[in-house]
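The values are calculated or read from the model by the stated rules, or taken from the named source; none is laboratory data. Everything quoted here is computed from the prediction, not taken from an experiment. Cβ: placed from backbone, ideal geometry, glycine included. Neighbour counts: every protein chain shown.
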Amino acid sequence: MASQNSDDSSASIFVKNPTIKFTKLFINGEFVDSISGKTFETIDPRTGEVIAKIAEGDKEDVDLAVKAARQAFDHGTWPRLPGSERGRIMMKFADLIEENAEELAALETIDGGKLFSMNKAMDIPQAASSLRYYAGAADKIHGEVLKMSRELHGYTLQEPIGVVGHIIPWNFPSIMFSVKVSPALAAGCTMVVKPAEQTPLTALFYAHLAKLAGIPNGVLNVVSGLGSTAGSAISSHMDIDVVSFTGSTEVGRKILQAAAASNLKVVSLELGGKSPLIIFDDADVDMAADLALFGILYNKGEICVASSRVYVQEGIYEELVKKLVEKAKAWVVGDPFDPKVQQGPQVDKKQFEKILSYIEQGKGEGATLLTGGKPLGEKGYFIEPTIFAEVKEEMLIAKDEIFGPVMALAKFKTIEEAIKRANNTRYGLAAGIVTKDLNVANTVSRSIRAGTIWINCYFAFDNDIPFGGYKMSGFGKDFGLEALHKYLQVKSVVTPLYNTPWL
Amino acid sequence: MASLRKCWLLSRPFSSASAALHSRGGNISSLSRGISKYSTASAIEEPVSPPVQVNYTQLLINGQFVKAASEKTFPTLDPRTGDVIAHVAEGDAEDVNRAVASARKAFDEGPWPKMAAYERQRILLRFADLIEKHNDELAALETWDNGKPFEQAAKIEVPMLARLMRYYAGWADKIHGLTVPADGPYHVQTLHEPIGVTGQIIPWNFPLLMYGWKIGPALACGNTIVLKTAEQTPLSALLASNLLHEAGLPPGVLNVISGFGPTAGAALASHMDVDKLAFTGSTSTGKIVLQLAARSNLKPVTLELGGKSPFIICEDADVDKAVELAHFALFFNQGQCCCAGSRTFVHERVYDEFVEKSKARALKRAVGDPFKVGTEQGPQIDTEQFEKILGYIRSGVENGATLEAGGGRLGNKGFYIKPTVFSNVKDDMLIAREEIFGPVQSILKYKDLDDVIHRANSTPYGLAAGVFTQNLDTANTLTRALRAGTVWVNCFDTFDAAIPFGGYKMSGHGREKGIYSLSNYLQVKAVVTPLKNPAWL
């Protein structure tokens, strides 16, 4: 699981400055300017320089996109195609993503500061594989025939829910796009996607590929823009049937309020986390150190399931801390196009400053700074891998989601103490356990109030594994067949029976 | 294992079948023209030269085409003429042993069951693409070896094979065990594991589709396979399996043995190292297969056997539509469908009109060289079936049923039979009780629903049934009352990858296709361990 320096032989053919082909809104199968004519700048976090000006969608643009999606749902072919046909088109879409993997990976790197090698090996292939997974599910959506208590024939229909609004974050633009869009497409829904304003480039490229693959006009619309305008218009739209959001808990709350205040649309929220990684005395220390470090530094710590609280049992605490610091110091931060680099820049200035202020807060609260703690270089938004020890439960760095390469380390004695402290959070997205003891693993797995438990692994995502939060980390699942059900309505159908030979 | 056979797969309801054909290739409208012209009596002319070569005639073991251990071969015949198409390696017990050893190794050592399901999926998807690429070649081989209309093979059956592979590809990464509640502090889960080496024996009536029904779920679940084709139709499975290897299937995962039932088939059914057997064919052979499994290693057996399926036309029926559907239900694929609607029950109020129109429809049926555009019906599969069907026709006449149309051979070469319609058929006549597996329609009259339910169920079979009515309550009553694995209401032979298919009573055990088919190829392992201080139960 630990990240290695990529030995990518294609390093020499980096497309460091890919041509930006798509900068407009994608509505009803066409790239169009925003009605206001306004644009916003998307920035390269390596340098802070402008990559491109992107059409800035607002309420009027969302209205147009929803109208197209509504038309495509109410009168179009998409929900009326056999699931197998939708699946074929989605398979084609996946093939096109693979064919354009190099370019997509480069766009993802310049727009989000993500490692090019990882984008190519993981993010972009995952976008294709999610599409394939749900393509294969499109012809396997089963309702049930029901057991009635009297002479009735009853069954359920799993119907596509209608027009979906997807609001996706900037930390995994490709994977989030695919994980939201794929199950909705498979279900037969139509949709409006708002990518994050920090990372609009790949979503617009995907819109182009979707059209090439044969997804009918109006089924998939992409409106780039800001949360407070375009995002807000989606969540309060009277003609959107469901909103699926991934982002911060703070914004999630606003979306749920907007949904409640408008048409009571169904909402699913995948929000923040402060996920614990609990390392027991019997752990392989080397492996545990790799896992802990990877858990917080992967994707620059910009991942909602980051193992941002690491609890280590006292017997191996000293040894583990030593290894962690060694490994953190050897961690390579730099240009995300360089295959030797393990960590690129934070996504933007705002995040960069926020993370640095949390680091200052940690120092002020009395946590011990073991390593890191400073920005790196003169340009861009690079931050050193940072580890705080002796972090107390009440400190802000133990409570808040920092969303950066900052680990909060603490020591524990007993399994009961570990469980109690791990659950002492308003979040419940994920948790990790490192132990060889079956009973410890089972007890902790059931005791932690979180949506995913990784035992002796971390970030072990898979298409078939449902993912989502407990508590204020949200509700509803992405991934797996569970995600499909976010985009389906259940209709019960009942009719009387006469002279039935059985009930 | 003389008469292995199977039913038809159709992706669309009958009423839209011709539309589906149009969308596939366009020129099937000539088929409808063929229907409307007088053709039954037209002489069988010089056979069309099949647009395909036979490249694979050997056994496929461990990814290699090899001779039989005995070096014996058998001829496979063109049912249009009775001429030899090719000599095919004749597998026997020793070849089955080699194939099972190869499948065992591929299962025990991998990579197939150890591979990520996503990778298995990708191989099946590539196979589907290759099937599409070789569509006409596969279809031509199927028609040449089997005698079925080329348009049917090329526009429906081969595309359906690709569709099946894509369907099962999608299952590979969605096979879920359960976590299970326990009465005490235990953690319980079920693992759905591949069952192991599977033996599959398929019939001659839909060689490629039956191949797809069988290998699709077995492969998706991670099993390895020894498949025996019918001796009448060994060719298309060899070509398809070669494509599957081209798509990336590791050697040993799918082994194909051509050969006969009493030798190769029996060796497979009684093999001690085969973990599961699936058979499609006649009820009499199914009994033998089940006995062999019982006598050897108690391997579980899935059986898809014969049928004598009722097609019930209710008093409210639109007679013209009912005639067309009932005609299709029986005559499709030369009547060589285990789910053929071979007992046509017609309500007395519409009976006379129905018989008259059914007769006219049968007389218009275009019988001829299956490679010719517009042909609806080709020859029967072989001389044995041909003679058997003619014997049933004689018995119908002798027993006093009224012969409305057909009644004998067509032409003087090959195995062509005139579309035959009997009316005034009584329940106790042989033609109303036994599976004829040929183009012989038996029309029976009934009075009311209770009467027809009772009569429709008075059969040892229970494969399928058809109901033709617009009345919702009648449809619901019949649907629940008929003891059959499939009930088609206002359609017939509507098949789909996701619709399960299988029999009640002596029509078999288990279900193929759909989610249900996966369980045939999975073992369920319960895993239980105590919980210490669980947070909840």
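Okay, here's what the table says:
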| quantity | calculated |
| --- | --- |
| Residue in segment B:504-520 that is at pLDDT below 95 and either at negative phi or among the hydroxyl-bearing types (Ser, Thr, Tyr) (or both) present | no |
| Any pair with Cβ under 6 angstrom, 6 or more apart, that starts in segment A:429-453 at a residue that is more than 9 Å from chain B (Cβ to nearest Cβ) and ends at one that is among the hydroxyl-bearing types (Ser, Thr, Tyr) and outside any strand (DSSP E or B) | A:429/A:275; A:429/A:473; A:430/A:275; A:431/A:275; A:432/A:307; A:432/A:458; A:441/A:435; A:453/A:445 |
| Pick from segment A:314-343, criterion assigned to a helix (DSSP H, G or I) and basic (Lys, Arg), ranking: farthest from the chain's Cα centre (by Cα) | A:322 |
| Hits in segment B:458-493 - residues which are buried (at least 18 other Cβ atoms within 10 Å of the Cβ) and more than 24 Å from residue A:495 (Cα to Cα) | B:459, B:461, B:462, B:463, B:493 |
| Elements of type helices (runs of 4 or more DSSP H) in segment B:86-157, at least 3 residues being within 14 Å of chain A (Cβ to nearest Cβ) and of a type in the set (A, V, I, L, M, F, W, C) | B:117-133 |
| Residue, surrounded by the most Cβ atoms within 10 Å (Cβ to Cβ), within segment A:459-503, restricted to residues that are within 14 Å of chain B (Cβ to nearest Cβ) and assigned to a strand (DSSP E or B) | A:470 |
| Filter result for residue A:410 (within 14 Å of another protein chain (Cβ to nearest Cβ) and surrounded by 21 or more Cβ atoms within 10 Å (Cβ to Cβ)) | no |
| Test: residue in segment A:219-234 that is under 21 Å from residue A:80 (Cα atoms) and assigned to a loop (DSSP other than H, G, I, E, B) | yes |
| Residues of segment A:71-95 that turn out to be small (Gly, Ala, Ser) and within 11 Å of chain B (Cβ to nearest Cβ), as a count | 4 |
| Qualifying residue in segment A:262-269 (condition: in contact with a Lys or Arg (Cβ under 8 Å, 6 or more places away or on another chain) and more than 25 Å from residue A:109 (Cβ to Cβ)) | yes |
| Unmet requirement for residue A:122, which otherwise passes all of (1) more than 11 Å from chain B (Cβ to nearest Cβ); (2) of a type outside the set (D, E, K, R); (3) touching a helix residue (DSSP H, G or I) at 6+ places or on another chain (Cβ under 7 Å); (4) assigned to a helix (DSSP H, G or I) | (3) |
| Unmet criterion (only one of (1) at pLDDT 50 or above; (2) assigned to a helix (DSSP H, G or I); (3) of a type in the set (Lys, Arg)) for residue B:24 | (1) |
| Restricting segment A:398-425 to residues that are within 28 Å of residue A:384 (Cβ to Cβ) and of a type in the set (D, E, K, R), the residue that is nearest to the chain's Cα centre (by Cα) | A:401 |
| Top-ranked residue in segment A:132-159 [being under 21 Å from residue A:187 (Cβ atoms), of a type in the set (A, V, I, L, M) and within 12 Å of another protein chain (Cβ to nearest Cβ); ranked as surrounded by the fewest Cβ atoms within 10 Å (Cβ to Cβ)] | A:145 |
| Sole residue being closer than 19 Å to residue A:397 by Cβ, in a loop (DSSP other than H, G, I, E, B) and within 27 Å of the chain's Cα centre (by Cα), chosen from A:346, A:351 | A:346 |
| Filtered residues of segment B:338-353 (kept if of a type outside the set (Val, Ile, Thr) and surrounded by fewer than 24 Cβ atoms within 10 Å (Cβ to Cβ)) | B:347, B:348, B:349, B:351, B:352, B:353 |
| Criterion: closer than 30 Å to residue A:314 by Cβ, in a strand (DSSP E or B) and among the aliphatic types (A, V, I, L, M) - qualifying residue of A:419, A:453 | A:453 |
